[in-house]
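Written below as structure tokens is the structure these notes are about.
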Amino acid sequence: MDIKVTDVDVSVPKKRIVEHASLHVDEGEFVGLIGPNGSGKSTLLKTIYRTMKRESGEILLDDVTIDSMSLRDSALKMSVVTQHNYYNFDFKVEEVVMMGRTPHKRSMELDDDTDRAIVKEALEAVNMYGFKDRNFSSLSGGEQQRIILARALAQQTPCLVLDEPTNHLDIKYQLEVLDIVKASGCTALCALHDLNLAAQYCDRLYVLDKGKIVKEGTPEEVITEPMIKEIYGVDATVDHHPSGQLNVVYHPAHLAKRS
Amino acid sequence: MFTVLFFTTFIGAVSVPFDTVVRIVLNKLLGIGDISDIRPATVAIVWQLYAPRGMLGLIVGAGLALVGVVMQAMVQNPLADPYILGISSGASLGATFAILMGSTVIAGTFMSGAGVEIFAFIGAIVASVAVFALSSVGGRITSTKLVLSGCIISAICGAFSSLIVYLAPNATAMRSLTFWSMGSLSTSGFNTVTLCAAVLVVAIIFFLTQLRNLNAMMLGDSTATTLGINLATLRKVYIVITSILIAVLVSNCGIIGFVGLIIPHISRALVGTNHWKLMPISILLGAIFMMVADVFARSFTTSEIPIGIITSICGAPVFAYIMIRKSYGFGGGDSRWT
């Protein structure tokens, strides 16, 4: 399935956070959203996954406007992984993942063997099946993040929206989480901080700065030395690693002085 | 649960032999056996005093526990109880009004006893409507706005109750007000029981269809939304149903504290947070706890102790024990603490 966002404006009282944002994610594509803190990445994603209201503009899932869909309809099309997951009550890991089945079930319907098989598969995909009976709150931040990804997988949607899914993860799991998303074949829209990861995983990138999409294209086109200087205010060298991968090296102030 | 109900029926200020109780109950319920040899006074005590009381205890306990579970899920806060939305203070205001002003203003209209219940009910409903309206201002109802609105309305109702008490000093009425606010299962005839039971049954049936939604609600507004739960609509429906149930219970039994707070936590410690197990266990435990508490309330002394006192005295240590026990962390998210 695909996502089309056209001319979306989002404001909180007295402040416009996202301005005339347009983007599209085609079937099976992995699209990254990059930009500095406070540039409006999370807000734009929230508007797409419907926890924030837009002022104007249009958001289409498979060419149908989200306004005409029930929340359940959109939950069947799109699952969401966010960076902040803190619960006031203690659920078992398995129960948290089972919640991913919510939009598929009628309210009185019990979880059946199919659901349990899907949950098991999702937990195995993130390498956390052994933790299924643990309390969610007793896990480390990275483990919790993987459980949230498992819940999104158990939701079995054609599209995944991810907001900084690699936060709190060590490098092994950063790669693993993005690999899982990539392997799922889902249409994916993902906000990322790490430009090297963005370059390695994304088919296309959008750069968001002060609420506006200022640049789009393939990682090669987008991740350039002038862009990093302009958007992030950081000196960097962008070159290619012998393996052919794009490679961003930053030049922090204390090292720049020395050279 | 029914065993406890049975058991409570024959404990009271007037002791009645066990077999007599059994015969009376069987006769009244199923028409079995002959009770013409038992003194009518004994039959009256068992059937009109103890039996409705035991059943009211069951209903109130179950109702408070049910609403406690729903409230804690709805506002995602382990400290929520059935009265968090200001219902109790609204009912108190109504009761205060009826008891203190009632003797002069409305004595002609209502018998004093019925007046208190009606005014408490009106107060409870008005308070929940006010909370509802206040938390809807400026768009969607969020859990934070609900809790804060509850605080605000409670404060206002509390202030007016105090004002009435201050303006109308009346020692006898003050005492009956104090007693009302501590809660009691007394003065309950079968009419009261039937009304409460009917409302409770409707509420239980409704919320048994909502277990999956309650689970998802626990994960927070944003996650619930991405799982396809329409929180805005559900919250409204839940508030209406719980408000009516609690208003009915409070207006008939006063404010019985702690049950709606601790029973959900005790149940969670036993079976976990999943509402498929939590809800039935809470309802069951709430009913049992309340009936047992009532037995204590009326058997310690010749007069009876307000049941609110009993529930707090018994409940608090149990709650403390659960909190100290390491395996139950209230989900605080802080793994070092659990």
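Its residue count N fixes a reference of 2.2 N^0.38 Å for the stretch A:145-191, and the Cα radius of gyration divided by that reference is 1.03. Heavy-atom accessible area for B:TRP180, with the other protein chains in place and a 1.4 Å probe, reaches approximately 30 Å². Filter the cross-link list A:LYS53/A:LYS77; A:LYS132/A:LYS212; A:LYS14/A:LYS46 down to pairs whose alpha-carbon distance in this structure exceeds 30 Å. Violating the 30 Å limit, Cα to Cα: A:LYS132/A:LYS212. Every helix of 4 or more DSSP H residues in the protein assembly as shown counts as -39500 (n - 2.57), and over all residues that averages to -16500 deg cm²/dmol at 222 nm.
Counting only residues at least eight positions apart within a chain, or on another chain, the lysines with an alpha carbon under 19 Å from that of B:LYS236 are B:LYS145. B:CYS151 contributes about 80 Å² of solvent-accessible surface, heavy atoms of the protein only, 1.4 Å probe. Go through the stretch B:283-317 and name the chymotrypsin sites (Phe, Trp or Tyr not before Pro) that are in a DSSP coil and have 12 or fewer other Cβ atoms within 10 Å of their Cβ. Of the chymotrypsin sites (Phe, Trp or Tyr not before Pro), the ones in loops of the stretch B:283-317 whose Cβ has at most 12 other Cβ atoms within 10 Å are B:PHE300. Gyration tensor analysis over the Cα atoms of the stretch A:3-223 returns equivalent ellipsoid semi-axes of 28, 20, 16 Å (largest first, whole Å).
Here the Karplus curve 6.51 cos²θ - 1.76 cosθ + 1.60, taken at θ = phi - 60°, turns the phi angles of the stretch B:118-135 into couplings of 5, 5, 5, 4, 4, x, 4, 5, 4, 4, 5, 4, 4, 4, 4, 5, 4, 7 Hz, with x standing for Gly and Pro. Charged side chains reduced to their Cβ positions (Lys and Arg at +1, Asp and Glu at -1) give chain A a dipole of some 880 debye around its Cα centre. The phi torsions of the stretch B:60-67, fed into the Karplus equation with coefficients 6.51, -1.76 and 1.60 and a -60° offset, translate into couplings of 5, x, 4, x, 5, 5, 4, 5 Hz, rounded to whole numbers, with Gly and Pro shown as x. Treating r as the C-beta distance of B:THR209 and A:GLU220 and R0 as 45 Å, the FRET efficiency rounds to 0.25. Counting only protein chain heavy atoms and rolling a 1.4 Å probe, the accessible areas of A:ASP67, A:ASP235 rank, largest first, as A:ASP67, A:ASP235. Principal-axis analysis of the Cα atoms of chain A puts helix A:171-184 at an angle of about 70° to the longest axis.
Against chain A, whose longest principal axis comes from its Cα atoms, helix A:141-154 is set at around 60 degrees.
Return the value, in Å² to the nearest 100, of accessible area buried between chains B and A (probe 1.4 Å, both sides summed). Using a 1.4 Å probe on protein heavy atoms, the buried area is about 2800 Å². Heavy-atom accessible surface of A:TYR86, to the nearest 10 Å², is about 110 Å², with a 1.4 Å probe and all protein chains retained. Place +1 on the Cβ of every Lys and Arg and -1 on the Cβ of every Asp and Glu in the protein assembly as shown, take the dipole about the Cα centre, and give the residue among B:LEU85, A:ILE59, B:VAL193 whose Cα lies farthest towards its positive end. Sorting the options by dipole projection puts first B:VAL193.
Other protein chain C-beta atoms within 10 Å of residue C-beta, averaged over B:243-252: 0. Excluding ligands, DNA and RNA, the accessible surface per residue across the protein assembly as shown is 43 Å² with a 1.4 Å probe.
Going down the list A:LYS4/A:LYS210; A:LYS120/A:LYS215; A:LYS15/A:LYS92, which pairs span over 31 Å between their C-alpha atoms?
The answer is A:LYS120/A:LYS215; A:LYS15/A:LYS92.
Evaluating 6.51 cos²θ - 1.76 cosθ + 1.60 at θ = phi - 60° for every residue in the stretch A:13-19, the Karplus couplings come out as x, 6, 8, 8, 9, 10, 10 Hz, glycine and proline recorded as x.
The values are calculated or read from the model by the stated rules, or taken from the named source; none is laboratory data. It should be emphasised that the depicted structure is a prediction, and the values quoted were computed from it without experimental measurement. Neighbour counts are summed over all protein chains in view; Cβ atoms, including those assigned to glycine, are modelled from backbone coordinates with ideal geometry. Heads up: the accessible areas ignore ligands, DNA and RNA and are worked out on the full protein's heavy atoms, side chains in. Shrake-Rupley method; radii C 1.70, N 1.55, O 1.52, S 1.80 Å.
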